1. Restricting to Cα atoms and excluding each atom paired with itself, what does the Kirkwood estimate give for segment 164-214 in Å?
2. Mind giving me the FRET efficiency for residue 159 and residue 184? R0 is 51 Å, r the Cβ-Cβ distance, nearest 0.05 is fine.
3. Let's test the formula: R0 of 35 Å, r as the Cβ-Cβ distance of residue 204 and residue 300. What FRET efficiency results, to the nearest 0.05?
4. What distance in nm separates the two pseudo spin-label positions at residue 51 and residue 95, each 7 Å out from Cα along the beta-carbon direction?
5. Which Rg and Dmax, in Å, describe the Cα atoms of the chain?
6. Tell me the label-point distance for the pair residue 64, residue 216, using the 7 Å Cα-to-Cβ offset, in nm and rounded to one decimal.
7. Calculated from DSSP H runs of 4 or more alone, at -39500 (n - 2.57) each and per residue, what is the 222 nm mean residue ellipticity of the chain, nearest 500?
8. Give the cross-link partners of residue 39 among the lysines, using a straight C-alpha distance below 22 Å as the criterion and excluding same-chain residues fewer than 8 apart.
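What follows is calculated from the coordinates using simple rules that are stated; it is not laboratory data. Everything quoted here is computed from the prediction, not taken from an experiment. For neighbour counting, all protein chains shown are included, and Cβ atoms are generated from backbone atoms with ideal geometry for every residue, glycine included.
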Amino acid sequence: MFDVAVVGSGPGGATAALELARQGLKVVLLEKERLPRYKTCGGGLVERGLALLPREVGDVVERRYASSELHLLDADLRFTARRDHPVVSLAMRDRLDFLLASRAAAAGAELRAPCRVTGVSLERHQVRLDTDDGDPVTAELVIAADGAMSDVARLAGWIDGRHLIPALEHEIQVDDATFERCARAPRFDVGIVPHGYAWVFPKAAHLSVGVLSMRRGAGHLHRDLEQYLKALDIVPRAVERHGFVIPVRPRAEGFARHRVLLVGDAAGFADPVTAEGISLAARSGRLAAAAIVQAGLDEARVRAGYRAGLRPLLADLRVARGLARLLYDHPRARRWLFRRVGQRLVDAMTDVFLGVRTYRGSLAELAAALALRPFARAASTRS
Ligand SMILES: Cc1cc2nc3c(=O)[nH]c(=O)nc-3n(C[C@H](O)[C@H](O)[C@H](O)COP(=O)(O)OP(=O)(O)OC[C@H]3O[C@@H](n4cnc5c(N)ncnc54)[C@H](O)[C@@H]3O)c2cc1C
């Protein structure tokens with residue numbers, strides 16, 4: 001019998017398990033894959049997430065950039081987010097997540113991998129998890145951090161569909177000249193993928209190139225990625241192709257019921273503007289752990305504490321969703337906005353990723369300064 005079973009050893013689960021183990025709770029961390037495992041992800045880390053992860057993450061960061069570029073290809077505009085410290089750090093998720101899980105294990109969590117949770121029984125004083133290694137686990141509380149497809153949420157009774165958007169990530173080998181050119185800065189390109197964007201993230205010796213659409217079921221992402229590579233004159237020597245989904249809208253049915261809490265992608269917490277999910281997975285993992293520690297495992301108080309802890313995060317995601325709709329569903333408005341205030345918008349978003357401001361604060365201030373009154377009102381009242 002464990003105090004807490006954490007399912008999924010991505011940034012959400014590993015962060016929660018580490019915090020709980022540090023507080024002396026008896027924790028098991030269950031992961032279906034043998035570690036380390038590839039995870040479809042750009043591996044882009046920003047300061048608001050890095051600040052929540054162990055310092056040793058620096059050991060697996062392959063590149064750090066004090067600037068990144070945003071190109072609006074349909075408006076011939078280019079902006080640079082520049083600071084005197086890293087704005088984007090890039091890592092491969094197999095190494096990052098293995099490090100996070102190992103830190104949790106070193107702090108005292110029992111790590112079982114590979115071990116897939118296949119069944120959830122909600123009993124009066126505990127939760128019983130069936131696993132594919134034949135050894136069931138019982139715990140007073142469960143944190144479901146099992147990602148976008150969350151088996152645990154489904155098995156525990158959540159039925160609402162989240163907004164799952166499709167994304168492709170290709171790991172690409174290129175010649176030295178192309179690599180040098182692309183390694184100057186990570187770049188984001190809007191205006192080439194309908195309702196979405198594309199990116200090039202330089203890793204130690206290859207490029208992670210991806211595309212996503214904020215629309216469900218967008219059918220042409222493979223074609224969009226090929227066009228993007230052509231537009232950037234990137235000719236792959238070898239390619240590994242991956243695709244997955246990202247939940248950019250939180251679940252409508254809440255994030256805590258009975259003795260189960262949802263964190264990260266299982267809860268639907270990826271950023272609606274960028275689909276960046278590592279920071280919010282780590283943040284919700286921490287909030288879930290804090291609620292458990294503060295409530296001393298009392299299930300009703302844990303649920304209430306977690307809901308209260310999530311309120312500011314959810315309020316900011318609502319503002320971010322409004323911005324995402326404007327940017328991805330209204331290309332003419334986007335071009336108008338970026339022509340008028342593009343650099344200020346990029347700087348405001350950079351502040352959000354650095355964790356020094358929220359979407360709400362950043363956008364309300366920007367809109368007020370520019371006398372964009374309806375936008376300022378919307379940003380300041382969406383709470
Ligand atoms: C193409 C693409 C690019 C992206 N790029 C970025 C980026 O650059 N930066 C960024 O911040 N975010 C990015 N994201 C989003 C990011 O990958 C996720 O938001 C983030 O990984 C969520 O973390 P998590 O801990 O909630 O879940 P995950 O990282 O998905 O971890 C869930 C874990 O649970 C395990 N699991 C699943 N089911 C079970 C089960 N039944 N039993 C046991 N274990 C189970 C899985 O194996 C996995 O290890 C990207 C996503 C995609 C698809």
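1. After inverting the pairwise mean of 1/r, the radius is 11.5 Å.
2. Once rounded, the FRET efficiency stands at 0.60.
3. The calculated FRET efficiency here is 0.15.
4. Taking the simple label geometry, residue 51 and residue 95 are separated by 2.6 nm.
5. Expressed in Å, the Cα Rg and Dmax of the chain come to 20.7, 63.
6. Computed distance between label sites residue 64 and residue 216 equals 4.1 nm.
7. Numbers: 11 runs with 146 residues, N = 383.
Helix contribution divided over all residues of the chain: -12000 deg cm²/dmol.
8. Once the sequence-local lysines are set aside, what remains near residue 39 is 203.
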